[in-house]
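Step one of this worksheet: look at the structure below.
The values are calculated or read from the model by the stated rules, or taken from the named source; none is laboratory data. Just so it is clear, the structure is predicted and the values come from calculations on it, not from any experiment. Don't worry about glycine lacking a Cβ; one is built from the backbone with ideal geometry, like all the others, and counts go over all protein chains shown. These accessible areas exclude ligands, DNA and RNA; they are computed on the full protein's heavy atoms, side chains included. Shrake-Rupley method; radii C 1.70, N 1.55, O 1.52, S 1.80 Å.
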Amino acid sequence: AQSVTQPDIHITVSEGASLELRCNYSYGATPYLFWYVQSPGQGLQLLLKYFSGDTLVQGIKGFEAEFKRSQSSFNLRKPSVHWSDAAEYFCAVVEMDSSYKLIFGSGTRLLVRP
Amino acid sequence: DAGVTQSPTHLIKTRGQHVTLRCSPISGHKSVSWYQQVLGQGPQFIFQYYEKEERGRGNFPDRFSARQFPNYSSELNVNALLLGDSALYLCASRGGTNEKLFFGSGTQLSVL
């Protein structure tokens, strides 16, 4: 079965510092991968997605992610974190059988120090 | 343009009661999915409906049911509520072959 692992439960960075959130997936074929962000009590906002092609994908809010098939990873990066980036971040892979569903990781909570 | 809308935003029920959650997809989207997000965890897939037919069901008991209406809106029903059903219930819609799911803000259900 497909799965997504986000090994870091919490990450704390200083404002202006760089950020990398880790995501590893388990999927037999070429995966469709997503990163979503969630503010407290809110729904999920799509940051970026990877389906095929260029393995470095750009998203909103200055985020980017790199797909590495050899490492089964899809890590999220941002060169300079802003205080407003503090939120929960979820990596997800699409599982397509008769349905179209996202398999989410358990999330990484980002805390930003002033 | 309106996004995915869910109602109510918050709900408090007691054990054994029944609850109905509602979702209106983005205009033109024919697929609606439901996810349950327990505090501190990632969302888990419950159902997907497309053109009023169930396309997929996650690992949830029969107490959970859903349906999709001709206008593509959807209801999620949960019977015989348990304390463990307390969660944020998210609805998502998808249009055509677009791979993106658009999520609503969710319904926060508390079971006492």
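Every condition in (1) within 22 Å of A:Gln2 (Cβ to Cβ); (2) within 11 Å of chain A (Cβ to nearest Cβ) is met by B:Phe64 except one, and the failing one is (2). The residues of the range A:1-25 that are polar (S, T, N, Q), within 14 Å of another protein chain (Cβ to nearest Cβ) and in a loop (DSSP other than H, G, I, E, B), listed by number, are A:Gln2, A:Gln6. In the range A:14-36, the residues that are of a type in the set (S, T, N, Q) reach residues that are part of a strand (DSSP E or B) and open to solvent by 60 Å² or more (accessible area, probe 1.4 Å) with C-beta atoms within less than 9 angstrom, at least six apart or across chains, in these pairs: A:Ser14/A:Arg113; A:Ser18/A:Arg77; A:Asn24/A:Thr5; A:Ser26/A:Thr5. Among the residues of the range B:22-43, those identified as in a strand (DSSP E or B) and either under 22 Å from A:Phe104 (Cα atoms) or basic (Lys, Arg) (or both) are B:Arg22, B:Cys23, B:Ser31, B:Val32, B:Ser33, B:Trp34, B:Tyr35, B:Gln36, B:Gln37. From the residues in the range A:101-114 that are surrounded by fewer than 20 Cβ atoms within 10 Å (Cβ to Cβ) and within 14 Å of chain B (Cβ to nearest Cβ), which one is farthest from A:Ser18 (Cα to Cα)? Ranking the qualifying residues of the range A:101-114, first place goes to A:Ser106. Scan the range A:66-98 for residues that are in contact with a Gly (Cβ under 8 Å, 6 or more places away or on another chain), open to solvent by 10 Å² or more (accessible area, probe 1.4 Å) and within 14 Å of chain B (Cβ to nearest Cβ) and report the count. The number of residues fulfilling the criteria is 3. Out of B:Ile46, B:Ile12, one residue alone is in a strand (DSSP E or B), open to solvent by 50 Å² or more (accessible area, probe 1.4 Å) and not charged (D, E, K, R). It is B:Ile12. Exactly one residue out of B:Gln6, B:Gln41 is surrounded by 17 or more Cβ atoms within 10 Å (Cβ to Cβ) and either touching an Asp or Glu at 6+ places or on another chain (Cβ under 8 Å) or within 14 Å of another protein chain (Cβ to nearest Cβ) (or both): that is B:Gln6.
Of the candidates B:Ala80, B:Ala87, the single residue that is of a type in the set (Gly, Ala, Ser), within 26 Å of A:Ala92 (Cα to Cα) and modelled with pLDDT of 95 or more is B:Ala87.
The set of residues from the range A:20-35 being under 17 Å from A:Arg109 (Cα atoms) and open to solvent by less than 10 Å² (accessible area, probe 1.4 Å) comprises A:Leu21, A:Cys23, A:Phe34, A:Trp35.
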